[in-house]
Amino acid sequence: MTLKNCFLLWRSWLVLASVAAVGTLGGCSAAGALNALVPTDSYTLRSAVPYGPDPRQQLDVYLPVTRQQPGPVVVFFYGGSWTMGERDTYRFVGEALASKGITAVIADYRLSPQVRYPVFLQDSAQAVLWTFDHLAELGADPRQVFVMGHSAGAYNAAMLALDARWLGGVGLNPAQLAGWIGMAGPYDFLPIVNPDVQVAFEWPGTPADSQPLFHVSRKAPPTLLMAARADTTVNPVRNSEALARKLTAAGAPAGISIYEKVSHVTLVAALARPLRGLAPVLERIERFVQSPAAVAAE
């Protein structure tokens with residue numbers, strides 16, 4: 001093995017170790033450690049674009065350097081128990097999608113305790129509205145708009161796709177989405193035991209219709225769910241597997257992939273170029289974006 005290869009191997013293991021270490025503490029901010037190794041030649045970045053008046057209502061756009069236009073666009077929401085998170089931490093997600101010819105919109109949203117449910121859903125809907133309003137300048141196809149999220153962000157994406165109240169509030173409809181992607185999302189979490197989440201959802205006054213499983217119907221857009229078998233933060237059986245079963249029973253196209261070698265945190269970290277060997281999540285997302293109904297039915 002050459003000295004250069006030794007260095008590259010050591011660097012990849014260092015990043016993996018740092019992500020795993022922070023991940024055991026429940027810190028989704030561990031994702032930021034990956035950005036040092038993310039290429040910058042696959043995208044053009046438009047940073048800190050406002051979609052509302054609040055400082056937290058901003059988004060970053062990752063435009064693929066090369067692709068046939070018009071193409072797909074994915075609006076991504078990060079996790080953090082609705083209490084933490086920054087869009088620039090997820091540059092590795094934007095780069096991963098852009099490297100496959102997919103425009104990525106990564107949105108901040110207001111967090112608890114500044115706000116409570118459902119404000120973060122209203123912000124998420126506003127970010128999707130901004131995307132629809134700017135499709136032409138993004139070189140995006142209005143028939144290929146997706147929402148995607150990890151952890152709490154997957155909840156946001158699920159609610160936009162399944163509960164028409166939120167996109168309806170900004171003049172859109174879930175039927176306008178080509179599909180949605182949930183990574184390690186909480187879709188059925190009542191009663192709430194996490195103290196931070198209790199504040200965010202004003203437990204015990206949390207309404208039953210705050211849960212994505214409550215809104216499953218045949219009209220749901222094509223769905224791709226991904227989870228880690230060993231996830232100790234969000235139970236994959238109660239959440240991802242149960243949602244997939246209920247969508248399928250309702251007649252909605254829904255696919256699910258459960259991965260064995262990742263955790264709650266490293267599932268999304270596997271989108272980063274140095275860690276893609278952990279699980280083929282990027283390939284699965286790419287195929288879903290290319291053919292949502294077909295891949296969801298697999």
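Bear in mind that the values in this text are calculations on the coordinates, not laboratory data. Values in this document were obtained by computation on a predicted structure and should not be read as measured data. Counting neighbours? That spans all protein chains shown, and the Cβs are built from the backbone with ideal geometry, glycine included.
Tell me what the chain gives for mean residue ellipticity at 222 nm when only DSSP H runs of n ≥ 4 count, each as -39,500 (n - 2.57), the sum divided by the residue total, rounded to 500 deg cm²/dmol. Before the final figure, lay out each step's value.
On the way: 11 runs with 100 residues, N = 298.
When only DSSP H runs of four or more count, the value is -9500 deg cm²/dmol.
Applying a length cut-off of 24 Å (Cα extent along the axis) and a mean Kyte-Doolittle floor of 0.5 to the DSSP H helices of the chain leaves 3-23.
Going through (1) 59, 43, 41; (2) 66, 62, 33; (3) 53, 38, 37, the figure that equals Cα extents along the principal axes in Å as computed for the structure here is (1). Computed from the C-beta positions of residue 276 and residue 218 and an R0 of 41 Å, the FRET efficiency is 0.75 to the nearest 0.05.
Going from the fewest other Cβ atoms within 10 Å to the most, the residues 131, 89, 44 appear in the order 44, 89, 131. Taking Lys and Arg as +1 and Asp and Glu as -1, the other residues whose beta-carbon sits under 10 Å from that of residue 211 total -3.
Please list 224-235, 96-107, 274-285, 197-208 highest first by mean number of surrounding beta-carbon atoms within 10 Å per residue.
96-107, 224-235, 274-285, 197-208
Put in order of Cβ neighbour count within 10 Å, fewest first, the listed residues 150, 215, 134, 264 become 134, 215, 264, 150. Look at 189, 288 and count the other Cβ atoms within 10 Å of each Cβ; fewest to most, that gives 189, 288.
The DSSP beta bridges internal to the chain are antiparallel in roughly 30% of cases.
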